[in-house]
Each structure stands twice: as C-alpha cells, then as structure tokens.
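We did not get these values from a lab; they are worked out from the coordinates using the rules stated. Just so it is clear, the structure is predicted and the values come from calculations on it, not from any experiment. Neighbour counts run over all protein chains shown; Cβ positions are idealised from the backbone, glycine included.
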Amino acid sequence: MPLNGFSKTKIICTIGPASQSVEMLQKLIEAGMDVARLNFSHGTREDHQRVIDHLREASRRSGEHVTILQDLSGPKIRTGKLKEKKVEIKTGAQFTFTIRDIPGDAERVSTTYQYLTRDVKAGDTILVDDGKMKFSVLSTTESDVLCT
C-alpha cells in the first residue's frame, strides 16, 4: 500500500440480477469491491435506482465507501439493407462503409451513422456486432470509409 494509505488498484464488480440484493452487495463489499459497475444498456431508470439504493444500504451496513460506475450505452449504429439475405465478407478483403443509401453486398454496406466519415481516419479500427468483426480503416472520402 502506498505511503498515503490509498491503494491505486480497485476491484470493479459488474452488478447484475444475481448480485443486486443488499445482502449480496454487502458480501461483495466485504470481499473487497471498491466500484460497482451498472450497465445502463439494460434496465430502466427505476431498476438502476433500486440497485443504487441497495448499494447505499450495503455500503452503510459495511461501513465502506463504494463508488458507482455508470456504463452508458453508446449510439446505436446500424447497417442498411442488403441485396441478399446473407452476405459473406472475406477476411482481409477490402470493404466499404458508406453513408450513401445503397443496398449492401460483400463489398460495401450503408450505415445509419452519418458522421462516420468525419469521425474515423486511416489507422482506426471499426468493430461490428459487439467486436465479432474487426475492420482497419485504410482511407475516407466524403461518403465512404474503405477498410480491410
């Protein structure tokens, strides 16, 4: 532990349905949880408020401070319609994301995110389907992002 009495290492626990009761949260705190992460991509405001209330009560009971981390969802970016029902994108092949409204195929697809060409640059990575597909940006134009 550093001389100032504070550890820089923190234990972050994602709180879900199995861990949101006051009793379970208190056990997590007693086991060393410093930060409770709430995934705001799921649940309602009321759900999150209930968990926060439970965290505060568990923190009070244990006498330990717990930080609450809100993991906010980013923008929901979607691809446009495809020419065919299924498209196979070959690993390493060039692929284009475009802001033009076109039917997609194995070489290109449109996107609902109209600022894509402004927000990415050569060398950036684009992750699709929660990271299941990874593209490296080669170049951009006003309407297209060329990747491999």
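Residues Ile99, Ile11 in ascending order of nearby Cβ atoms (within 10 Å, fewest first): Ile11, Ile99. Note that region 118-130 has calculated 3J(HN,Hα) couplings of 7, 8, 10, 9, 3, x, 6, 10, 10, 9, 10, 6, 6 Hz, one per residue in order, obtained from phi through the Karplus relation 6.51 cos²θ - 1.76 cosθ + 1.60 (θ = phi - 60°); glycine and proline are x. Size descriptor for region 95-147, Kirkwood hydrodynamic radius: 11.0 Å (Cα pairs only, one decimal).
For Asp124, the residues whose modelled amide H falls within less than 5 Å of its own, excluding neighbours fewer than 5 places apart on the same chain, are Val137. Taking amide H positions as modeled 1.01 Å from N, with prolines and chain starts lacking one, the residues under 5 Å from Arg37 and 5 or more places away or on another chain are Cys13, Thr14, Ile15, Leu69.
Starting from the alpha-carbon convex hull of region 12-71, give the projected area averaged over all orientations, in nm². That works out to 3.4 nm². Taking the chain on its own, what percent of its Cα-Cα pair distances exceed 25 Å? Here the tail beyond 25 Å accounts for 51 percent of pairs. The 3J(HN,Hα) values that the Karplus relation (6.51, -1.76, 1.60; θ = phi - 60°) gives for region 68-77 are, in residue order, 9, 9, 9, 8, 8, 6, x, x, 8, 9 Hz. Gly and Pro appear as x. A full extension of the chain between Asp144 and Glu84 corresponds to an added length of 19.5 nm, given 0.36 nm per residue minus the alpha carbon distance. The HN-Hα couplings worked out from phi for region 33-41 by the Karplus form 6.51 cos²θ - 1.76 cosθ + 1.60 (θ = phi - 60°) are 4, 9, 10, 9, 9, 10, 8, 7, 6 Hz, whole numbers, x standing for Gly and Pro.
As a length-normalised measure over Cα pairs under 8 Å and 6 or more apart, the relative contact order of the chain settles at 16 percent. Amide H contacts for Leu82 (H built 1.01 Å from N in the peptide plane; partners 5 or more residues away or on another chain; cut-off under 5 Å): Gly104.
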